[in-house]
Amino acid sequence: MDFELNNYSILLKLMELYTTLEIEQQYKDILCLIEIMEWVKSFLGRPHPNLGRPGVVCPFVPHALKSNSIRLAVIRTKDLYPEQIEEIVSCYRDIFIEMEVKEQELAINKAFLLIFPDIHIEDASKLIDSVQQKLKPLFVESGLMIGEFHKRNESPGLHNPNFRPLRSPIPLLAIRFMVEADLPFLQNPADPRLRIRYLEAYLKCFGDKFTDETRYKNAHQALALAKEQLKDENLVY
């Protein structure tokens, strides 16, 4: 019976028909996927003279490409409210967590790139950034990172404040697993409550699995400073 159902599903897939409008939409989506794929290879996966350190812009990319661990999706957002976009991205978080990787050592290279071609460049800073900021605590507490990319992203590079590593040709959100080297991205919020939340999640994520003793100590120190700042603010108010 299962064999028959599987054959039936395959047959339906083979017999799938498309309208002309559906074909046009799929063609547009394919163009977006190709553009971002080429950007990943030619920008994120290569060195840059303004990076401020040796190596490629994103250290994960070469290994992720080699292991075929990057998955892309085009998300059409016309007529959607920001809350609906947040819900869609949250669903991809669940899919990311539930998706199994055959070889555990390859899991760290897994990444989702959610592409939003309908978001105009004028709105990207407001919409993409706000969705990322709203969802980041949920992602961090799940052991994940979510990054915002678009043409007007002003976030500076860690090693060169004049470099803009988070600029992409099409607005997108990137999802990946948290790594120890993410500490600088988790200890920078001005709000001590948010900083505490991030740092506690970071320390819980790695627990006794830290490979870098300095990062372990720096995280605890940053957490203590954030708690002290929050205590001082509460005394003021």
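The values are calculated or read from the model by the stated rules, or taken from the named source; none is laboratory data. Keep in mind that this is a model prediction, so the values were computed, not measured. Neighbour counts are summed over all protein chains in view; Cβ atoms, including those assigned to glycine, are modelled from backbone coordinates with ideal geometry.
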Task: D118 out of contact with any Lys or Arg (no Cβ under 6 Å at 6 or more places or on another chain), among the acidic types (D, E) and outside the structural domain of A201 (by TED's automatic domain parsing) - done: no
Open item on the list: Among the residues in the stretch 57-75, are any more than 27 Å from K209 (Cβ to Cβ) and of a type in the set (K, R)?
Closed with: no
Open item on the list: Step by step: first the residues of the stretch 115-142, then only those that are part of a helix (DSSP H, G or I) and among the aliphatic types (A, V, I, L, M), then the one that is farthest from the chain's Cα centre (by Cα). Which residue is that?
Closed with: I121
- [ ] Kindly list the number of the only condition in (1) part of a loop (DSSP other than H, G, I, E, B); (2) under 24 Å from R53 (Cβ atoms); (3) modelled with pLDDT under 95 that fails for V101.
- [x] (2)
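Per-residue answers, yes or no, for (1) of a type in the set (S, T, Y); (2) within 25 Å of E180 (Cβ to Cβ); (3) surrounded by 15 or more Cβ atoms within 10 Å (Cβ to Cβ):
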| position | (1), (2), (3) |
| --- | --- |
| Q84 | no, no, no |
| H120 | no, no, no |
| S125 | yes, no, yes |
| Q132 | no, yes, yes |
| L144 | no, yes, yes |
Open item on the list: Being outside any helix (DSSP H, G or I) and either charged (D, E, K, R) or over 18 Å from R164 (Cβ atoms) (or both) is the requirement here; does P54 meet it?
Closed with: yes
Task: Single residue of the stretch 186-213 satisfying the filter (hydroxyl-bearing (S, T, Y) and either at pLDDT 95 or above or in contact with a strand residue (DSSP E or B) (Cβ under 9 Å, 6 or more places away or on another chain) (or both)) that is surrounded by the fewest Cβ atoms within 10 Å (Cβ to Cβ) - done: Y202
Open item on the list: Taking the criterion of being closer than 19 Å to P137 by Cβ, outside any loop (DSSP other than H, G, I, E, B), under 21 Å from the mean Cα position of the chain (by Cα) and not assigned by TED's automatic domain parsing to the domain that holds R76, would at least one residue in the stretch 209-222 satisfy it?
Closed with: no
